[in-house]
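Everything on this sheet refers to the single structure shown next.
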Amino acid sequence: MRMQAADYEQIQQVLSREHSLTDAAEAHGTLTGCLCSTVAYRFEDWMLEILPDGSAGPAATQVLLDLFRSTNVSLGEAQMEFAPLLPLDEEPIEARAAALGAWCQGFLYGLGTSSLTDATVLPGDVGEVVRDLTEITHVAADNAESLESNEGAYAELVEFVRAGVQLLFDELEPLRREPSRPEGLLH
């Protein structure tokens, strides 16, 4: 159920019409970070993060709800179908690199909204992924390199982000569990 890259432009247009506080890549990164680390994250919570008054018109709401649901489902699938929402490959490499950086920035913001106090100090591979995502927020095309070289580097980064986010989602599952009630408490 990998998201279609064509969805990027549609989401970008919807967010622009709704006077969003962010662009499509960063909004999707925020959503993904929150879904990875927040207990019972709801569509309404995400709307409050990305829209000035936390609501949109009916058509925009449906488009964003579809993105919320497809992202949530793709993160939980065993086939690792998740993909960050980024511009089409036909867009200039500079625009795609900037969007990837914004996506990672949104993702780290989403992680930061959880009970996770400092994601950069997570142990092992998970901590390394977070530190690498922090570095990717500064990604840009290298004008000294060929377009082919930039394209290859971009593709590698996108794949790293995709796989790294899936690892984080899996490893942070305990954070997303509802706290259990102590035995013997009745309400």
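Values in this text are rule-based calculations from the coordinates and carry no lab data. Just so it is clear, the structure is predicted and the values come from calculations on it, not from any experiment. Ideal geometry is used to build each Cβ from the backbone, glycine not excepted, and the neighbour counts take in all protein chains shown.
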Apply the a/c threshold of 1.5 to the C-alpha gyration tensor of region 28-115 and tell me whether it is rounded, prolate or oblate. rounded
Which distance in nm do the two modelled labels at Glu90 and Ala155 give, with both placed 7 Å along the Cα-to-Cβ direction? 1.9 nm
Under 15 Å from the 7 Å Cα→Cβ point of Thr61, by amide nitrogen: which residues of region 7-36? 18
For the peptides 141-154, 35-48, what is the packing order when you average, over each peptide's residues, the other Cβ atoms within 10 Å and list the highest mean first? 35-48, 141-154
A correct Stokes-Einstein calculation for the chain, using the alpha-carbon Kirkwood radius, 37 °C and 0.692 mPa s, returns a whole-number D in µm² s⁻¹ of 192 µm²/s
I need to check one value: relative contact order of the chain, counting alpha carbon pairs closer than 8 Å and at least 6 residues apart, in percent. 30 percent
Contour minus end-to-end for Ala144 and Ala40, with contour as 0.36 nm per residue of separation and end-to-end as the Cα-Cα distance? 32.9 nm
